Amino acid sequence: MAGITPTKIDLVAQATDTTDRSGSYTFAGLDFGAEFTNRAIIVAALLVNAANAVVNQSAATIGGVAANGQDSGDAGGPGVGGASCGVWAARPSGTSGSVSISFGATAQACAVFVFATGVASVARFAESVGSGGGGGITSDPNFPASDSGTINIPHDGVLIGGVARANTTAPITLTGFHSQREMALDTGHRIAVGWKWNMQAQTAYPIGYTTSAGGVIYGMEAHSFA
């Protein structure tokens, strides 16, 4: 109902495309849920490639609106493959629309998770920072089985993040999130997305992931919103 803001975020749609594509993936007709005051649509996008190809996400549109966002990813190193996770936010109108993710090189598969939430701004409050420096959690050239970092959280904050891992099907557990979706993106790669809501203001809130397989190329990214 218009004018009512939900007390948490809702996962309103998700989609995958396992076709090799260069430059962009577009997902049409995705559910955005009902419109309400201060509704934002936030998309977690995950890309993978079995080869040593960088699949950095450069831009996104949500319902035809240019989105604010950033990604973290990597390619090559002691393992083989490419992976990235991005978080993108916009205020499109309507109850459904398309999501397009632009990136460099060629990707083998892409997944998008679409969230509807009420936030004051679609500009992120903070971005995850891990052992690889600003922009995400990565520890090239070591790529451990598990990794962790921190992110600042605003009062009554929303947190969305995920990890994409190339050339492994080992299960992933995210840490620091209320809920998560975890799945094989295709026959050779695995991804996880997590979210949390109604959070207290705090500095250096810990987030990360655990899994059983090290030496795997991955990208992890998380954003908080006020």
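Data for the structure
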quantity: Sole exception among (1) within 30 Å of Asn142 (Cβ to Cβ); (2) assigned to a strand (DSSP E or B); (3) of a type in the set (S, T, N, Q) for Gln14, by number; calculated: (1)
quantity: Pair list, Cβ under 8 Å, 6 or more apart: the stretch 87-106 residue more than 21 Å from Arg124 (Cα to Cα), other residue of a type in the set (Ser, Thr, Tyr); calculated: Ser98/Thr26; Ser98/Thr61; Gly104/Ser58; Ala105/Ser22; Thr106/Ser22
quantity: In the stretch 123-146, the residues that are open to solvent by 20 Å² or more (accessible area, probe 1.4 Å), at pLDDT 85 or above and not in a loop (DSSP other than H, G, I, E, B); calculated: Glu127
quantity: Test: residue in the stretch 71-89 that is within 19 Å of Glu221 (Cα to Cα), among the aromatic types (Phe, Trp, Tyr) and in contact with a Gly (Cβ under 9 Å, 6 or more places away or on another chain); calculated: yes
quantity: Any hit, the stretch 113-122, residues being outside any strand (DSSP E or B), open to solvent by 30 Å² or more (accessible area, probe 1.4 Å) and closer than 22 Å to Ala184 by Cβ; calculated: no
quantity: Check on Thr26, modelled with pLDDT under 95 and either within 25 Å of Gly157 (Cα to Cα) or assigned to a strand (DSSP E or B) (or both); calculated: no
quantity: Identity of the residue in the stretch 157-186, of a type in the set (Val, Ile, Thr) and either in contact (Cβ under 8 Å) with a residue 60 or more places away in the chain or surrounded by fewer than 20 Cβ atoms within 10 Å (Cβ to Cβ) (or both), that ends up farthest from Phe225 (Cα to Cα); calculated: Thr169
quantity: Residues (hydrophobic (A, V, I, L, M, F, W, C), in a strand (DSSP E or B) and in contact with an Asp or Glu (Cβ under 9 Å, 6 or more places away or on another chain)) located in the stretch 47-59; calculated: Leu47, Val48
quantity: Restricting the stretch 80-106 to residues that are open to solvent by less than 10 Å² (accessible area, probe 1.4 Å) and over 16 Å from Val43 (Cβ atoms), the residue that is farthest from the chain's Cα centre (by Cα); calculated: Gly81
quantity: Filtered residue count, the stretch 187-214, keeping only those that are open to solvent by 40 Å² or more (accessible area, probe 1.4 Å) and in contact (Cβ under 8 Å) with a residue 40 or more places away in the chain; calculated: 11
quantity: Any hit, the stretch 25-32, residues being closer than 22 Å to Lys196 by Cβ and surrounded by fewer than 21 Cβ atoms within 10 Å (Cβ to Cβ); calculated: yes
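The values are calculated or read from the model by the stated rules, or taken from the named source; none is laboratory data. Just so it is clear, the model here is predicted, and its values are computed rather than measured. Heads up, the Cβs are rebuilt from the backbone with ideal geometry, glycines too, and the neighbour counts pull from every protein chain shown. Quick note on the areas: whole protein, heavy atoms, side chains included, nothing else; ligands and nucleic acids left out. Shrake-Rupley method; radii C 1.70, N 1.55, O 1.52, S 1.80 Å.
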